[in-house]
Structures are given as C-alpha cells and as structure tokens.
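The structure appears right after this line, and notes come after that.
The values are calculated or read from the model by the stated rules, or taken from the named source; none is laboratory data. Here the structure is a predicted model, which is why all the values come from computation and not from measurement. In this analysis, Cβ positions are derived from the backbone assuming ideal geometry, glycine residues included, and neighbour counts consider all displayed protein chains. Heavy atoms of the whole protein, side chains included, go into the accessibility calculation; ligands, DNA and RNA do not. Shrake-Rupley method; radii C 1.70, N 1.55, O 1.52, S 1.80 Å.
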Amino acid sequence: EITSINSPWFEDFPALKTEVYQKLLRYLDTAATAQIPSAVIDRMTRFYQNDYASVHRGVHYLSAKATQEMEQVRTQVSDFIGAESVNNIIFTKGTTEAINLVAHSYLRSQLSPRDEIIVTEMEHHANIVPWQLLSELCEVTIKVWRLNEKNVLDLDDLKLLITNRTRLIAVTHISNVLGTVNAIKAIINYAHKRNVPVLVDGAQAVMHQQVNVADLDCDFYVFSAHKLYGPTGTGVLYAKRRHLERMVPWEGGGAMIDQVTLPMGTTYGEAPWRFEAGTPNIAGILGLGAAIEYIESVGLAEIANYESQLMAYLVDSLTQVNGIEIYGNDDNRVGVVAFNMKGLHSFDVGAFLDRYGVAIRTGHHCAMPLIKKLGQSSVCRASIGMYTQSSDIDALVQGLNRINQLLR
Ligand code: PMP
C-alpha cells in the first residue's frame, strides 16, 4: 500500500481551496494553466494597489519605479533560463505571440519561394499555424517531421528532411499531450551542423525542469508565464544575439522607436525594446518575476523530484482502471498523461469527472495532428504541478471507476 503523497507547497495556492459542486476542487489541468501562488497574486495586487504607473516614459517616481522593477524581471528571466544577457529577453504576451514574432520579425525577411520550414507532428497549434501563415505569404514549404511507430521523434528522420533550403526547425521541448521530453539538445546539435536554426517551444518545459538556453544552444526559446505559476498575458522570447541583430520590427508603436519623423524616416530603438511596441503587461511581467522568485525559492530540482513521484503514482493508478488506454511512453513522460476510456468519448468522461470536482482537459489539446496520429479524435488529459497531491489522483481514479460502473 502506497502512503499518500502530499505537496509541501499546497498551502501556497489559495485557489486549491475552492469547491465546485460542493466538492473540493481536484485540479488536474495544470498544463492548460497553472494555479497561482499567493506570492504572485500579492505582487500583482501590490502593484495595482500602491505602485501603479506606466513604464518607460515617465519622469515621476512611480513610473521610474515600475520601469526599474519591470526591467529587473528581465534580469530574473535571463538568469532563470541561463541566457547570455538580459538583452536576449523579449517580453511578449505568451508563447503564441513569441512564435509569431519569430515568424515575422526573424524568418519572414529571409525567405525565398520554395524554402522550407520543418515542424514536428507533435506541435501545439501555436507552433504550426504561424509557420503555415508564413508559408502562404512567402510561398515556402512546410515539411513535417513525423513521429515513428513509438510516437517518438527519431533524429534519423530529421536527417532525411533537412535540405539546403531548410530555414528553421520548430520543435516542442515537452509535448503538451504525451508529456514526451524531446531530445532537444541532440536535435539542435544536428541542425546546427547543417546550419539550420531551431526554435524550441518551452511552454510545457520551464516549470518542470531547469532549462539552460546557453547549454542547449537553441536559437529561440519561448514560454508563457501562466504555465509557470504566473499570470496570463505574459510570455518570453529568448533569441540569440546574432538573430536579434537580423530581426526587423514586427509591431510598430510607442516604446520601440528611437526618432519618429514624417512622412518617413523613423528609426528604432535597440533590442529587446524594439520588439516590444506599446504599453506592456506591467502587472503580468511583475507577476512573472514573482513566480520565478517563488519557484527559485522552492527549487526546480525539488519540484521535479516531487513531480516524478507523483507521475509514477498517476500512471500506476490509471493503469489499474478497466478499459483505459494510455498514450505516450512510460519511461519518458513529464507533467501530463493522455488517455481514453475505450468506447467512451473524452468529453463525456471529462463532463462526468467534473461533477465530482475533478478538472481534466478533453479534446484535441490544440494538437490536432498528434491526436490524429494517435488514431483518435479527442483524448482526456490529466496534468500535474507542484501542488498536486495523490488525493487528487485518487479522486480521478475513483471517478473513472464510477464511470465504468455507471456508463458500461
Ligand atoms: N505550446 C505548447 C506546448 C503549449 O502547451 C501551449 C499552451 N497550451 C502553447 C504553446 C501556447 O501557449 P499560450 O496559449 O500561452 O500562448
């Protein structure tokens, strides 16, 4: 008999005390968005309540303070992911915007018709559709790095796909459906031998393991604050210095300029600010800073260790449910487990679990090509974070067992 696994950090997350349908919330949808610790909520409240002002342009006290504190977060982010310098960090509104920024600011000006972009079959739509839009604009070809029979990306397949027309490889660090950790470093290493830059989608990775962009040697790394125990509406693009130098402004507006003249002749500010037009999500960025501070105070290694125990328990518990089919690889899965109850639609399973207070995600998970590859039209996904406990998993399994009793 396994004893219960309790998170030492559970109490830090006030929303986990919420009741739904008079039942304690069992939040197993952290991969969609993570609950937020009090430290982050307090940080944002403090800004709104006492320190609220805009950044960049003000001479007054609060504006200078907001600017300085926001720029401090850039340093925090830079240190958190091991960037060469704070100037490699661009604030965006999320992973999605960061990828679109790379598409338009970096890649677009370099493309000629019949050039190629490689995307993998396990990407989130955010790392597919921007490239498809670009392909329509610039008449370039999207090539698909498909999964092998084990649903794994095989480097040998990439070797066959890369040509001298390949301009970028877009690949996720960790799959948001299967939890598979891709061999990013080997992929980047090989791509660089062929002179191809790599964009890594880290949306599902930064909260589960220490990421070091210098060690990975990736060209671009993107993630969202809201999966890292921070707020929505804030994200990060890390780009290598030499790419930043080639990037052209994408969005124009205030804060990204040097001198504006009419009718033409406007000059732009330096990177990273030249890629941050308009008033930023100041509270969100400060919240991201608080989230990083919180995570660092706990330690990512601590979190990873706790989560791996919990994942083992989750997979083990699910395996014992009758009629369940689990996707992905048991020896390589972080954060999420995708499954279906044979003969039942994932939506019915999810709606049933919801009545028991168990929140999972169902559907295509913004990864339609991957779901298709699995031979499904939709799947259930349970995902965990640093605050998840074995009791949440027990509630999920009880719910699935009840489904078996009632719906079969
Ligand atoms: N990529 C992956 C792997 C994701 O899981 C997500 C979020 N579901 C995204 C990209 C998009 O992130 P956002 O919606 O925060 O821009």
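Details
- Placing HIS226, HIS60 in order of accessible area, with the largest value first and a 1.4 Å probe, yields HIS60, HIS226.
- For region 198-205, the Karplus equation 6.51 cos²θ - 1.76 cosθ + 1.60, evaluated at θ = phi - 60°, returns couplings of 10, 9, 10, 8, x, 4, 9, 10 Hz by residue, with Gly and Pro reported as x.
- Cα gyration tensor, region 116-201 - rounded (a/c under 1.5), prolate or oblate: oblate
- Mean sequence separation of contacting Cα pairs (under 8 Å, at least six apart), scaled by the length of region 296-402, corresponds to a relative contact order of 31 percent.
- Helix runs (DSSP H) in the chain reaching 20 Å along axis by Cα, Kyte-Doolittle at least -1.0: 61-81, 282-298, 300-319, 390-407
- Value at 222 nm in deg cm²/dmol, rounded to 500, when DSSP H runs of n ≥ 4 in the chain each add -39,500 (n - 2.57): -11000 deg cm²/dmol
- Of all beta bridges that DSSP places with both ends in the chain, some 60 percent have antiparallel geometry.
- Each Lys and Arg Cβ is given +1 and each Asp and Glu Cβ -1; about its Cα centre, region 351-408 then shows a dipole of about 280 debye.
- Under 5 Å, built H, 5+ apart or other chain: amide partners of GLY235: THR92, LYS93, GLY94, ALA225
- LYS373 sits with roughly 70 Å² accessible to a 1.4 Å probe, with DNA, RNA and ligands left out of the calculation.
- Counting DSSP beta bridges with both ends in region 91-224, the antiparallel % (nearest 5): 5
- Within a Gaussian network of the chain (alpha carbon springs, distance under 10 Å), most fluctuating of THR95, THR234, THR141: THR141
- Here the relative contact order of the chain, from alpha carbon pairs under 8 Å that lie six or more residues apart, stands at 24 percent.
- Remark: for residue pairs LYS193/LYS227; LYS159/LYS227; LYS17/LYS227, the C-alpha separation exceeds 22 Å in LYS193/LYS227; LYS159/LYS227.
- Prolate is the label for region 203-328. Its Cα gyration tensor axes, ordered a ≥ b ≥ c, give a/c of at least 1.5 and a/b above b/c.
- Listed residues ASN87, ASN176, ASN164, most fluctuating in the chain (Gaussian network, C-alpha, under 10 Å): ASN164
- Selection from LEU153, GLN204, THR163, by position along the positive dipole direction of region 118-232 (Cβ): THR163
- Amide H within-cut-off set for VAL20, under 5 Å, with H built and near neighbours excluded: LEU25
- Other-chain or far-sequence residues with amide H under 5 Å of MET256's (modelled H): GLY278
- Dipole in debye (nearest 20) - region 9-135, about Cα centre, beta carbon charges: Lys, Arg +1; Asp, Glu -1: 380
- Selected from PRO369, GLY399, ALA382, residue furthest toward positive end of dipole (region 354-408; charges at beta carbon): PRO369
- Accessible area ranking (1.4 Å probe, heavy atoms, ligands and nucleic acids excluded), largest first, for VAL55, VAL152: VAL152, VAL55.
- In sequence order, region 254-261 has phi-based couplings of x, 6, 10, 9, 9, 10, 10, 10 Hz under the Karplus curve 6.51 cos²θ - 1.76 cosθ + 1.60, θ = phi - 60°, and Gly or Pro positions carry x.
- In percent, rounded to a whole number, the relative contact order of region 105-225 is 23, using alpha-carbon pairs under 8 Å and six or more apart.
- Separation between Cα centres of region 14-82 and region 122-184, rounded to whole Å: 32
- Listed residue (PRO14, VAL73, GLN49) projecting farthest to the positive dipole end of region 1-96, Cβ model: GLN49
- Mean-position separation - Cα centroids, region 221-287 and region 322-362, in angstrom: 38
- Cα gyration tensor shape of the chain, rounded if a/c is under 1.5, else prolate or oblate by comparing a/b with b/c: oblate
- Rounded to the nearest 20, the Cβ-based charge dipole of the chain about its Cα centre (Lys and Arg +1, Asp and Glu -1) stands at 840 debye.
- Comparing mean-square fluctuations of ALA382, ALA290, ALA395 from a GNM of the chain with C-alpha springs under 10 Å, the top value falls on ALA395.
- For TYR294, the solvent-accessible surface computed with a 1.4 Å probe is close to 20 Å², ligands and nucleic acids excluded.
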